[in-house]
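The values are calculated or read from the model by the stated rules, or taken from the named source; none is laboratory data. Just so you know, these numbers come straight off a predicted model, no measurement behind them. For neighbour counting, all protein chains shown are included, and Cβ atoms are generated from backbone atoms with ideal geometry for every residue, glycine included.
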């Protein structure tokens, strides 16, 4: 009897969880397999739940590596007209470039617009720039905050900096007290979107549609201010420049050679996954330092992805269903948060109790702090009218070139940004874009 | 009668595959290289006939020309150095009787050749990581081998490591083939060891040296895997080699016409650089 | 230097009398010993690093000295992880590499043997022009071919099939050149004529009489085709994107790339172990077939 009551209540609980989900389109009546390219950590576990809910669909996940590693394969597969997956993960910044290839299915044909209301409004603007055609389903977002080593800051008697002025002061203190053994921060010299998020938080705008063409302003004032700020600390040796997610980076982060870093909402999940037990419990998250003290927290967005369906998919309807389920169902959002630290693009997802659970990763890794609360606050401070251009893949690579020249002392930060602007503009024109 | 058709019977399998996977792709690449990307407003790009426009663009493309410059640097420094070391090792091994030590060194030297380029790049990527490198552990230094100012040399080192032993074996084999009576004559003339090397061995080694040189040129023109796998570890310029540049033109930018034009230019340049080899080989077999 | 498709030079081992003994010294001079040791360390040190690193966990990778083994050893765990990760896909990659390289070795050896035979033993119209053209294509970078091959494959629907990797690897122009040299040196035309007079068919002359005489050439061409296909990276990179079709080189590079994504559990030492597994078959092949390919690598070149 007791057993029956228990299972009944479990059923009820499950029922109430499902009730929060929107009504998804029907699954196919015949057995099909969908191929999905994604680098979301632990996605295989999420997918198992999907296969249970839709027994006719089998999901095959392929992880080809984060970002550009996957994009080059996707680009050639689209061009070849063969070999592309049904669903692929694409960051918002790279979405216009893929829409430009003509290889992405317009999901409005499969009823995607009916689900617009379930997503955080600005994310829908990223996947459907003209408000009609829908090129992807938003997956997660990357509002910016600061992760830091609580133990190190205590050791050097520093409070988590609230302003960039405090941050610079703290960086100098840590360098002096540790004899340079500990870097206070790390500048990702090969990740353009990371730097752009910093400028984004300060009102920087990099691309804008204008009439029949584009305006590109990579060297906007916010970008210049931010780059000058970081370059000063890099030159003093207070801030390192390790390549993100490399063996070297995780080693430094785990060994206490790095005190803080600016990371997007999906970042903490990465720390928990990549560092494992090393430095577990020592990390915390604080809001992004601000240029002026007081006032509301302003933030930018780094990455965050969407799920596209390719025109090569033989089952675009089912692929759309999968993309919707993956990003709107409570089950998926919960699993992706716990396994990969994905900060959902679903509006309801943001207030899911699962995100506030501190006994599970990624919060557990961050000393049991409710980190999603910090990121939710950051999310509200993101400027939502941010646009990307179809030639962004080039802009992304060219950034690393100019920053490298800056780090070698060949260019000042201002010159580096001007060169970034000039070379990217020349490239865009060369490839037939109308751009100023 | 049978003499007229028999050779074609033997040639057919090779020629079929050769036509399908050499002639046809080259022809197709030439065709593709005549198309450029054009677009109007926000619409997707159209491929339109552009004549030789892609070729004109290539020769005005400073990024591409720089990648050719990097190759020239390789040809001027890495290739001669590699062949010099390979020759020296081959001469040393050839100067003594075959024995255990000699066989051990020969084997040790060519082992790196068995490591695929992409695997070699991956392994050296770890050895180059600042905090991981045993070289830094031993010397106590903190050298960043992946810094863009020495990256080209770091890549050159991977290539040298992989191929020196292989070239050494080729040259060693050529030395072993020198008929003994030549040495007899030299000995009767009372030539010193050095003079035997200088006036007997090296001149006879010339054809083999030409061969290794040419294949090094071809290999250098094709460097791709090593910089490709080093890319996630730091800043590796798009145009570190012509091959990475043309790969990105296609796989990142989706510009197949331009990529094809670059491929054709590379093929022609390789042909020119290697033309003296062709003369050499034809002279032999005619 | 990618070894994609086009093979490195190996020239014919011609039948030659053993050379009369010349007076090589008994041993190396101290200077020679020094140089040999230096170069030996350079050649072997990275491989030694592989041997020590494969015994480590990822944590030990940073906390231990790079050139010595870890204690306690993590080797067994690494082996287990290597072969169980992603449902044991690594074993599939290993088999794929054997399939690609094996078919390429046998196929390109046969094509080259037959083609070389035609060029060496027959007079026909356009022979020299054709041969020159084939030789010239050795100079065409294989990457220049890979992209158009990819587009052609797409049109006949071969993308993402075993054939996409195998078919292009069957052409080995340098192998054809080598086989021509071997046929010219190893199979006397008199013997051929005599067999014809005895009424042997052309096929029989080639198969039963000729082939055994150019065994050395066959092994050399097969071995180097095998190595070329085994090491191939660029072609699979563009023509397959299903992980079940990856060869080892591509699979390991993808693992290396995913290891460098945020949130993935880093498996660097497992990748290093995988790298060693990918080299072993070639080391074994070279060591066991050494007497064939080392014997007369460049006699073709010295002949001229």
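Summary table below
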{"item": "Selection from the stretch B:174-191 of residues that are free of Cβ contacts under 8 Å to residues at least 24 places away in the same chain and assigned to a helix (DSSP H, G or I)", "result": "B:180, B:181, B:182, B:183, B:184, B:185, B:186, B:187, B:188"}
{"item": "Helices (runs of 4 or more DSSP H) wholly inside the stretch B:1-110 that include at least 2 residues being touching a helix residue (DSSP H, G or I) at 6+ places or on another chain (Cβ under 9 Å), free of Cβ contacts under 8 Å to residues at least 24 places away in the same chain and facing chain C (nearest Cβ under 8 Å)", "result": "B:2-18, B:24-32, B:79-94, B:100-110"}
{"item": "Unmet criterion (only one of (1) over 18 Å from residue A:145 (Cα atoms); (2) modelled with pLDDT of 90 or more) for residue A:290", "result": "(1)"}
{"item": "Subset of the stretch B:225-246 (residues that are at the interface with chain C (Cβ under 7 Å from one of its Cβ atoms), under 22 Å from residue C:261 (Cβ atoms) and free of Cβ contacts under 8 Å to residues at least 24 places away in the same chain)", "result": "B:232"}
{"item": "Residue match in the stretch C:221-239 (condition: within 11 Å of another protein chain (Cβ to nearest Cβ), touching a strand residue (DSSP E or B) at 6+ places or on another chain (Cβ under 9 Å) and within 29 Å of residue B:22 (Cβ to Cβ))", "result": "no"}
{"item": "Among residues of the stretch B:129-172, those that are surrounded by 19 or more Cβ atoms within 10 Å (Cβ to Cβ), in a helix (DSSP H, G or I) and free of Cβ contacts under 8 Å to residues at least 24 places away in the same chain, counted", "result": "2"}
{"item": "Selection count, the stretch A:127-165, where residues are without any contact (Cβ under 8 Å) to a residue 12 or more places away in the chain and either touching a helix residue (DSSP H, G or I) at 6+ places or on another chain (Cβ under 9 Å) or part of a strand (DSSP E or B) (or both)", "result": "4"}
{"item": "Test: residue in the stretch A:315-324 that is under 30 Å from residue C:157 (Cα atoms), more than 14 Å from every other protein chain (Cβ to nearest Cβ) and assigned to a loop (DSSP other than H, G, I, E, B)", "result": "yes"}
{"item": "Which numbered condition residue C:174 misses (of (1) modelled with pLDDT of 90 or more; (2) more than 8 Å from every other protein chain (Cβ to nearest Cβ))", "result": "(1)"}
{"item": "Matching residues in the stretch A:250-262 - criterion: being more than 9 Å from every other protein chain (Cβ to nearest Cβ) and touching a residue at least 60 places away in the same chain (Cβ under 8 Å)", "result": "A:256, A:258, A:259, A:260, A:261, A:262"}
{"item": "Boolean, residue C:117 is within 11 Å of another protein chain (Cβ to nearest Cβ), in a helix (DSSP H, G or I) and under 22 Å from residue B:125 (Cα atoms)", "result": "no"}
{"item": "Qualifying residue in the stretch B:193-203 (condition: facing another protein chain (nearest Cβ under 7 Å), part of a helix (DSSP H, G or I), at pLDDT 80 or above and under 30 Å from residue C:139 (Cβ atoms))", "result": "no"}
{"item": "Output for the stretch A:263-275, where each listed residue is at the interface with chain C (Cβ under 7 Å from one of its Cβ atoms) and farther than 21 Å from residue A:139 by Cα", "result": "A:274"}
{"item": "The stretch C:129-165: number of residues that are touching a residue at least 12 places away in the same chain (Cβ under 8 Å), in a helix (DSSP H, G or I) and surrounded by 18 or more Cβ atoms within 10 Å (Cβ to Cβ)", "result": "15"}
{"item": "Filtered residue count, the stretch A:123-142, keeping only those that are closer than 28 Å to residue C:261 by Cα, in contact with a strand residue (DSSP E or B) (Cβ under 9 Å, 6 or more places away or on another chain) and surrounded by fewer than 20 Cβ atoms within 10 Å (Cβ to Cβ)", "result": "0"}
{"item": "Filtered residue count, the stretch B:160-195, keeping only those that are in contact with a helix residue (DSSP H, G or I) (Cβ under 9 Å, 6 or more places away or on another chain) and at positive phi", "result": "0"}
{"item": "Which numbered condition residue A:389 misses (of (1) within 19 Å of residue A:222 (Cβ to Cβ); (2) out of contact with any strand residue (DSSP E or B) (no Cβ under 6 Å at 6 or more places or on another chain))", "result": "(2)"}
{"item": "Members of the stretch A:107-122 that are touching a strand residue (DSSP E or B) at 6+ places or on another chain (Cβ under 9 Å) and within 14 Å of residue A:310 (Cα to Cα)", "result": "A:107, A:110"}
